[in-house]
Structure formats: structure tokens, C-alpha cells
């Protein structure tokens, strides 16, 4: 792994955390949506992150030359939370079903706020790691001065 | 540990491969001193130009609102900064070596 590869790894971490933050914002904004384009209530979305591991194979070397990432983190998929929707008794609501229950999204705003804290702290941690790597590189240039 | 003279290719090759970031294949070792310095300079200048050009493109994209991740731009700017600093330091070292050589009284 060349030296500046560490900077790309931090960059991939920043992108992943930013995407996580985007999904959290989406969840919070849509916390009361009972009618999406498909007609169903909004389901909470979650981000699945996976790591890209370099293993020294030929495929790795090829990816490196082609500029594709060989290590770091990537967003594998954005999946819907399978936990049940929240029924709320409100017969006057236009989307109420036969018994007068409206199915609201399974978004717990408190949980989202906690996730948001986690994402922003992780973002800051990646920025700190990046700055540390850059400081090391610049320090190395002082050898023999 | 033996002192490695600056004229030998290995230490310069190491520094060169560090600046090359995206690992282009390393240039073959230049045997004679003058041609080696010139080649190293040209490579470094090309690399710095490349990273500076990426910074300019990023600034343009930000100004017209096309980028949605700001951090990639900042990372490219930081890489350009490192490349530039590396070039400056190497230039200093190379000039020092050159002036040492010129100071030899014949």
C-alpha cells in the first residue's frame, strides 16, 4: 500500500459516513409519511457498510492501476428495516384502514438522533485520521533538513 | 548502516514512488547523474501539475454546484499540497547536492 493510499482510505470512510448521514436525514424527514410513491407507508432505511480488503492478489494490483479502491469502506446496500410499522388509531386520517388504524413509519426519532451523533463523530474521527496521515507525510519531508 | 549517496538510484526511487501516489510504474534507473536529476525534476513537475489541475477542476465544480461531496475536494487539495511540498524539498536537496559537486576544486 503506497503512502498516499492511507488518504484514500480516510476518504472512503468520509464518503460512507456522509451517506449514512444522508439516510438518517431521509428517515427523520419522512418520519410521518403514510403514502410513498408505491402507496405504502415509509419504511425506515438502514445502510449496510462493508470493508474492502486488499489481499495482494493480481486483481488488487489491476484495480490499483485502474484507479479503483483496494481498501477502505464501501456502502454495500441501503435496505429497508423489516421491523413492524406502528399502528395509530385515527379514523379521521385519509389513509386509515377499515378499523380506523393508520400505519405510521417505524422511525424512532430518538434512535435516529443517536445514530446521527454516531455518524458525525465517525466523520470527525476520519478527518482526524486524515490530518494525522498528512502531518506524518509532511514531517517525513523534514528528514535531513 | 552504510551511508547511501544521493547519486544512487534507490533512495530517489523510493521518494519518487511515494510522490506517485497512484503507483505508475517506476522509471528505470538513470545511470549518469545529470540525466537522472533532469528526469526526476520533470517527473515531479508533471505530478505536481496533475494534482494542481485536479484541484482547479474541483474548485470549478464546487463553484457551479456539481460536487456533492466536499471532502473529496479537500482530500485532493491536501494531496496537491503534499506533492508540492515534496517537490520543494527534493529540489532543495538536489540543489544542495549540485552545489556540493560544483564546489569541488580541480
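Since every read-out is calculated from the coordinates, none of them should be taken as a lab result. This structure is a prediction, so every number in the text was calculated from the model and none was measured. Don't worry about glycine lacking a Cβ; one is built from the backbone with ideal geometry, like all the others, and counts go over all protein chains shown.
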### Task
Sort A:89, A:123 so that the residue with the fewest other Cβ atoms within 10 Å of its own Cβ comes first and the one with the most comes last.
A:89, A:123
### Message
Quick check: the angle from helix A:109-140's long axis to the longest principal axis of chain A, C-alpha only, nearest 10 degrees?
### Response
10 degrees
### Message
Along its three principal axes, how long is the range B:40-106 when you only count alpha carbons? Whole Å, largest extent first please.
### Response
63, 16, 14
### Query
FRET efficiency for residue A:113 and residue A:138, Cβ-Cβ distance as r, R0 = 35 Å, nearest 0.05?
0.40
### Message
What is the distance in Å between the Cα centroid of the range B:30-91 and that of the range A:8-54?
### Response
34 Å
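Taking each residue in B:67-75, count the Cβ atoms of any other chain within 10 Å of its Cβ, then average. What number comes out? Don't skip to the answer; put the middle values down first.
On the way: counts 0, 2, 5, 2, 11, 4, 0, 4, 9.
Partner-chain Cβ atoms within 10 Å, mean over residues of B:67-75: 4.
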### Task
Sticking with the crude label model, points 7 Å out along Cα→Cβ, report the distance from residue B:38 to residue B:92 in nm, one decimal please.
2.7 nm
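When a footprinting reagent is the concern and you count Cβ atoms within 10 Å, what order do B:81, A:115, B:96 take, fewest first?
Numbers: B:81 16, A:115 19, B:96 12.
The fewest-first ordering by Cβ neighbours comes to B:96, B:81, A:115.
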### Query
What FRET efficiency would be calculated for the residue pair residue B:54, residue A:40, taking the C-beta separation as r and a Förster radius of 51 Å, to the nearest 0.05?
0.70
### Query
What is the order of B:37, A:58, A:130, fewest Cβ neighbours within 10 Å to most?
A:58, B:37, A:130
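What FRET efficiency would be calculated for the residue pair residue A:145, residue B:101, taking the C-beta separation as r and a Förster radius of 30 Å, to the nearest 0.05? Walk me through the intermediate numbers first.
Numbers: r = 20 Å, r/R0 = 0.66.
The computed FRET efficiency comes out at 0.90.
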### Task
Kindly provide the pair-distance distribution of chain A built from C-alpha pairs, with 10 Å bins from 0 and whole-percent values in order of increasing distance.
10, 28, 24, 18, 11, 6, 2, 0, 0
